[in-house]
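*Asks:* The structure under discussion is supplied below as structure tokens; questions concerning it will follow.
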Amino acid sequence: MEFEFDIHKIFLEPISKLDSSLLPQRRPLVSSSEAQRQIVAVIDEIGKASAKAQRLPAPITSASRMQTNQHHLYILKDCTPKTAGRGVVIGFLKVGYKKLFVLDHSGSHIEAEPLCILDFYIHESLQRHGFGKELFAFMLRTEQVEPQHLAIDRPSEKFLSFLRKHYNLRSTIPQVNNFVVFEGFFRDRKAPG
Ligand code: ACO
């Protein structure tokens, strides 16, 4: 995804992590107000692209939603010389903690607050090149979470295939909400969630 401004001046790292402040850890090379304007444009655009790819009626990721939630947004840019110009955004991953009632194997409701995968998108032209894995692995390291301890909000078929391939997540524990959890969800969890 290309923009009319220089991605490399707002996102200095290959993967930038944003929270509700919408500011990456490394200070952008443009003024704060300009950086804010550009970052809002990027988030709104990639959120729309993800919704379109998943055929959702409306984006679930936008700058205004980011500002009012405690979510973490990881944005991956292209660092290869061929896009050395203004840079391109390859994709993003959005996560956040949510209080959920999760059914265990015996069907009992267990209250938990797992890290949830809320939105995940790699640009159509770049899917199946390993970028999703790069982004996901970075998030796991940063959030210090094991893949089997995540809850996934309405995963697509592509994402389920991704989790099978890269993390051997296959068997699910049936739930009554939209979240999918896998075998191992209740094993060795960090307290309290
Ligand atoms: N069809 C089936 N499986 C796919 C596809 C596809 N078109 N694309 C990726 N995968 C899965 C496969 O397991 C694939 O392995 P394979 O090529 O050996 O079959 C594996 O992902 C490839 O891994 P990466 O290259 O690291 O993944 P990628 O960069 O493509 O990112 C992602 C995966 C984010 C799911 C991407 O395909 C995408 O954006 N899809 C469209 C949007 C989407 O479905 N997002 C998830 C929504 S659910 C949620 O966010 C909670």
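FYI, it's all coordinate maths here, none of it is from the lab. Only a predicted model underlies this, so the values are computations on that prediction, with no experimental measurement involved. Using ideal geometry, Cβ is built from the backbone for each residue, glycine included, and neighbour counts are taken over all protein chains shown.
*Asks:* Could you say whether any residue in segment 42-53 is touching a Leu at 6+ places or on another chain (Cβ under 6 Å), over 24 Å from VAL181 (Cα atoms) and not charged (D, E, K, R)?
*Replies:* So far as segment 42-53 goes, no, none of its residues is touching a Leu at 6+ places or on another chain (Cβ under 6 Å), over 24 Å from VAL181 (Cα atoms) and not charged (D, E, K, R).
*Asks:* Restricting the search to segment 149-170, which residues are more than 7 Å from the ligand (Cβ to nearest atom) and more than 21 Å from GLU111 (Cα to Cα)?
*Replies:* Correct list: LEU160, LEU163, TYR167, ASN168, LEU169, ARG170.
*Asks:* How many residues, within segment 13-38, are over 17 Å from the mean Cα position of the chain (by Cα) and not in a loop (DSSP other than H, G, I, E, B)?
*Replies:* Matching residues across segment 13-38 total 7.
*Asks:* Do the conditions hold for LEU135, that is, is it of a type outside the set (S, T, N, Q), within 26 Å of SER62 (Cα to Cα), touching an Asp or Glu at 6+ places or on another chain (Cβ under 9 Å) and surrounded by 14 or more Cβ atoms within 10 Å (Cβ to Cβ)?
*Replies:* Here the answer is no, as LEU135 does not meet what is asked.
*Asks:* So which residues in segment 115-148 are within 6 Å of the ligand (Cβ to nearest atom), in contact (Cβ under 8 Å) with a residue 24 or more places away in the chain and not hydrophobic (A, V, I, L, M, F, W, C)?
*Replies:* ASP119, TYR121, GLN127, GLY132, LYS133
*Asks:* Okay, moving on. With respect to ILE110, determine if the residue is part of a strand (DSSP E or B), touching a strand residue (DSSP E or B) at 6+ places or on another chain (Cβ under 6 Å) and within 11 Å of the ligand (Cβ to nearest atom).
*Replies:* So ILE110 does not fit the description; no.
For every residue, the table says whether it meets (1) outside any strand (DSSP E or B); (2) of a type in the set (Val, Ile, Thr); (3) surrounded by fewer than 20 Cβ atoms within 10 Å (Cβ to Cβ).
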site	(1), (2), (3)
GLY91	no, no, no
SER106	yes, no, yes
ILE117	no, yes, no
LEU140	yes, no, yes
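*Asks:* Do the conditions hold for TYR74, that is, is it within 16 Å of the ligand (Cβ to nearest atom), aromatic (Phe, Trp, Tyr) and either closer than 18 Å to ASN178 by Cα or surrounded by fewer than 13 Cβ atoms within 10 Å (Cβ to Cβ) (or both)?
*Replies:* No; evaluated as a whole, the condition is false for this residue.
*Asks:* Which of the following residues is under 25 Å from GLU143 (Cβ atoms), in a helix (DSSP H, G or I) and free of Cβ contacts under 8 Å to residues at least 60 places away in the same chain: ALA51, ALA41?
*Replies:* Just a single option satisfies the conditions, and that option is ALA51.
*Asks:* How do the pairs read when you match residues in segment 84-113 that are under 18 Å from GLY184 (Cα atoms) and small (Gly, Ala, Ser) with residues anywhere that are in a strand (DSSP E or B) and more than 13 Å from the ligand (Cβ to nearest atom), using Cβ under 9 Å and keeping only pairs 6 or more apart or on different chains?
*Replies:* Qualifying pairs under 9 Å: ALA112/LEU100; ALA112/PHE101; ALA112/VAL102.
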